[in-house]
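The values are calculated or read from the model by the stated rules, or taken from the named source; none is laboratory data. Since the structure is predicted, the reported quantities are computational estimates derived from the model, not experimental observations. In this analysis, Cβ positions are derived from the backbone assuming ideal geometry, glycine residues included, and neighbour counts consider all displayed protein chains.
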Amino acid sequence: MVCYQYRKERLIIPGIKGQYNKGKYPYEEYHKYIDDVLYKKCAYHDIYFPDEEPWLPATLEYFYNAPKNKSDGLYPECKRCSSIRAYQRKKDNVEHYKKYDKLYYIKNKNRMKDTNIRFRVNNKEYFKQKGKEYRQSDRGKEKYKIYGKKRHEKKHEIYDVEWKNCKKYFDNQCAYCGLPIEEHYFPYKNELKLYDFHKEHVIDEGKNDLRNCVPSCNTCNTQKHKNSLNNWYNSSNSNYTYERYFKIYQWIRYDHKKYIMPKRRYKNQCMTARIKEIERLKISIDKMII
Ligand SMILES: [Zn+2]
Ligand SMILES: [Zn+2]
């Protein structure tokens, strides 16, 4: 704690450098003793809290520490008023404070992420409600439509046999980290469930057939996200091995050709052609009967 008594005595001695009494807030006007306790008048209480008592004990409980202030070592406004002032200052100079915000974020990135996660876990109900409201709003509906469309376009068009062979080619392991499929558990409704691998797009916006598909565990799938293979899966990745990288490369480049089957689209075209033929035949038969 600051020794206020000592400072007050210093103020009274005349001829000391920096005449503290002549400031914007004269010491004697803004300080007084009540029952042997030093009280200080908040300089901004009249503006923000006009109904409340402006005299508060001159301690760190009510005022922020100001080391440059040689009279009592405290700011002229109380903690509540100073937080309001800071908020307004920030609002008036948005551009000026933006760069400081950025620096602060870079310095405290991990800590802020942790607190955010903790806040989300502690307020599950609140976020559930917020999510529901967003999905039902006009903006949310539009966004979800676009999202659904994108997902639908990105779906792999692969036969079950092709997928089985693909997994077999990678020894039933995740192509990136080598996790065996028998250990690919994932929590679902407070239980661990065994899941199939994801059909991973190696090139994010590439083809939807077997040449662009490798089996991947849930964590690798989410970590890769939209990154390209070389950008994400290199020596800086903790799961990287050259053997696995080479295997993925071989699969994309050459080996998928051994397992790929005639395209579904082609088959569909055949089907529609046959249906049309049958319909045509039906009509002709009907005509024959008549
Ligand atoms: Zn105040
Ligand atoms: Zn993996």
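Out of 183, 153, 200, report the one residue that is within 16 Å of ligand 2 (Cβ to nearest atom) and loosely packed, with under 11 Cβ neighbours inside 10 Å. Can you show your working first?
Values: 153 fails: within 16 Å of ligand 2 (Cβ to nearest atom); 200 fails: loosely packed, with under 11 Cβ neighbours inside 10 Å.
One residue alone meets the criteria, 183.
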Self-check item: Set 51, 72: member being modelled with pLDDT of 90 or more and either outside any helix (DSSP H, G or I) or of a type in the set (S, T, N, Q) (or both)
Solution: 51
Self-check item: Scan of the stretch 73-91 for residues that are touching a residue at least 12 places away in the same chain (Cβ under 8 Å) and more than 15 Å from ligand 1 (Cβ to nearest atom), ordered by number
Solution: 73
Exercise. All but one of (1) basic (Lys, Arg); (2) at pLDDT below 90; (3) under 48 Å from the mean Cα position of the chain (by Cα); (4) surrounded by 10 or more Cβ atoms within 10 Å (Cβ to Cβ) hold for residue 41, so report the exception by its number.
Key: (2)
Practice problem: Could you tell me whether the stretch 121-144 includes any residue that is among the small types (Gly, Ala, Ser) and within 16 Å of ligand 1 (Cβ to nearest atom)? | Solution: no
Quiz item: How do the pairs read when you match residues in the stretch 15-44 that are in the same structural domain as residue 72 (by TED's automatic domain parsing) and aliphatic (A, V, I, L, M) with residues anywhere that are more than 16 Å from ligand 1 (Cβ to nearest atom) and modelled with pLDDT under 80, using Cβ under 6 Å and keeping only pairs 6 or more apart or on different chains?
Solution: 38/4
Self-check item: Which numbered condition residue 82 misses (of (1) surrounded by 11 or more Cβ atoms within 10 Å (Cβ to Cβ); (2) out of contact with any helix residue (DSSP H, G or I) (no Cβ under 8 Å at 6 or more places or on another chain); (3) not in a helix (DSSP H, G or I))
Solution: (3)
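Every residue in the stretch 214-232 that is outside any loop (DSSP other than H, G, I, E, B), within 14 Å of ligand 2 (Cβ to nearest atom) and surrounded by fewer than 17 Cβ atoms within 10 Å (Cβ to Cβ), please. Working first, answer last.
Step one: of the stretch 214-232, the residues outside any loop (DSSP other than H, G, I, E, B) are 214-216, 218-224, 229-232.
After this cut, where a residue has to be within 14 Å of ligand 2 (Cβ to nearest atom) as well, the list is 214-216, 218-224, 229, 232.
Of everything in the stretch 214-232, those that are outside any loop (DSSP other than H, G, I, E, B), within 14 Å of ligand 2 (Cβ to nearest atom) and surrounded by fewer than 17 Cβ atoms within 10 Å (Cβ to Cβ) turn out to be 218, 219, 222, 223, 232.
Do you know which residues across the stretch 233-256 are among the hydroxyl-bearing types (Ser, Thr, Tyr), assigned to a helix (DSSP H, G or I) and within 21 Å of residue 205 (Cα to Cα)?
Of everything in the stretch 233-256, those that are among the hydroxyl-bearing types (Ser, Thr, Tyr), assigned to a helix (DSSP H, G or I) and within 21 Å of residue 205 (Cα to Cα) turn out to be 245, 249, 254.
Sort out which residues of the stretch 156-169 are surrounded by 10 or more Cβ atoms within 10 Å (Cβ to Cβ) and out of contact with any strand residue (DSSP E or B) (no Cβ under 8 Å at 6 or more places or on another chain), and write them in order of number.
Initially, the stretch 156-169 is screened for residues surrounded by 10 or more Cβ atoms within 10 Å (Cβ to Cβ), giving 156-159, 161-169.
Result: 157, 159, 161, 162, 164, 165, 168, 169.
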Quiz item: Given the structure, is residue 211 crowded, with 17+ Cβ neighbours inside 10 Å and not hydrophobic (A, V, I, L, M, F, W, C)?
Solution: yes
Quiz prompt | Residue count for the stretch 62-72, restricted to those that are within 13 Å of ligand 1 (Cβ to nearest atom) and out of contact with any helix residue (DSSP H, G or I) (no Cβ under 8 Å at 6 or more places or on another chain) | solution = 0
